[in-house]
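The values are calculated or read from the model by the stated rules, or taken from the named source; none is laboratory data. Since the structure is predicted, the reported quantities are computational estimates derived from the model, not experimental observations. Quick reminder, even Gly has a Cβ in these numbers, built from the backbone with ideal geometry, and neighbours come from all protein chains shown.
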């Protein structure tokens, strides 16, 4: 397939936690996207490796194996994080709502026309729909 898939933390949380509401969907999606380049922003790695996951030895080992697959590329967020933080605060001031800083970083990556993205895997479509529509990036949230 050779597509580039940007992933949100909710996908990974669903994948590693059998009790997560998106567990089945994440497993199905992971099978579909496995032969592609998968972009995993560092803030989403932090959101995934929470204390709860770290205390679940088998799940953490499973996640470590996933992270070490050659198609998984962890994206450095240093060029995105300042703008992401500004946008999070501005969104809250101007529109009365906001999204997480990790989602802000994903939004900045989606804005970056120099970063190829064909698909975004997220279960929070409304947080990214505007940018995905603009760049013709398909939001992938079910099989």
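Of note:
- Selection status of residue 27, without any contact (Cβ under 8 Å) to a residue 24 or more places away in the chain, closer than 14 Å to residue 7 by Cα and surrounded by fewer than 14 Cβ atoms within 10 Å (Cβ to Cβ): yes
- Subset tally (residues that are in contact with a strand residue (DSSP E or B) (Cβ under 9 Å, 6 or more places away or on another chain) and either touching a residue at least 40 places away in the same chain (Cβ under 8 Å) or outside any helix (DSSP H, G or I) (or both)) for the stretch 123-141: 6
- Contacts under 8 angstrom Cβ, first residue in the stretch 87-113 being farther than 19 Å from residue 9 by Cα, partner assigned to a helix (DSSP H, G or I) and at pLDDT below 95, 6 or more apart: 97/91
- Flag if residue 35 is surrounded by fewer than 13 Cβ atoms within 10 Å (Cβ to Cβ) and without any contact (Cβ under 8 Å) to a residue 60 or more places away in the chain: yes
- Selection within the stretch 69-95 - out of contact with any strand residue (DSSP E or B) (no Cβ under 9 Å at 6 or more places or on another chain), closer than 14 Å to residue 42 by Cα and not in a helix (DSSP H, G or I): 78, 79
- Subset of the stretch 105-122 that is in a loop (DSSP other than H, G, I, E, B) and crowded, with 19+ Cβ neighbours inside 10 Å - its residue that is farthest from the chain's Cα centre (by Cα): 117
- Flag: residue 36 matches the condition of being touching a strand residue (DSSP E or B) at 6+ places or on another chain (Cβ under 8 Å) and over 19 Å from residue 102 (Cα atoms).
- Test: residue in the stretch 42-61 that is under 17 Å from the mean Cα position of the chain (by Cα), under 23 Å from residue 136 (Cα atoms) and in contact (Cβ under 8 Å) with a residue 40 or more places away in the chain: yes
- Of the set (1) part of a loop (DSSP other than H, G, I, E, B); (2) buried (at least 17 other Cβ atoms within 10 Å of the Cβ); (3) in contact with a strand residue (DSSP E or B) (Cβ under 9 Å, 6 or more places away or on another chain), all apply to residue 102 but (1).
- Taking each residue of the stretch 1-17 that is closer than 16 Å to residue 136 by Cα and looking for partners that are in a loop (DSSP other than H, G, I, E, B) with beta-carbon atoms closer than 6 Å, six or more apart or interchain, yields 3/36; 3/118; 4/116; 4/117; 4/118; 5/36; 6/117.
- Against the list (1) surrounded by 19 or more Cβ atoms within 10 Å (Cβ to Cβ); (2) over 18 Å from residue 7 (Cβ atoms); (3) modelled with pLDDT of 95 or more, the condition residue 41 fails is (2).
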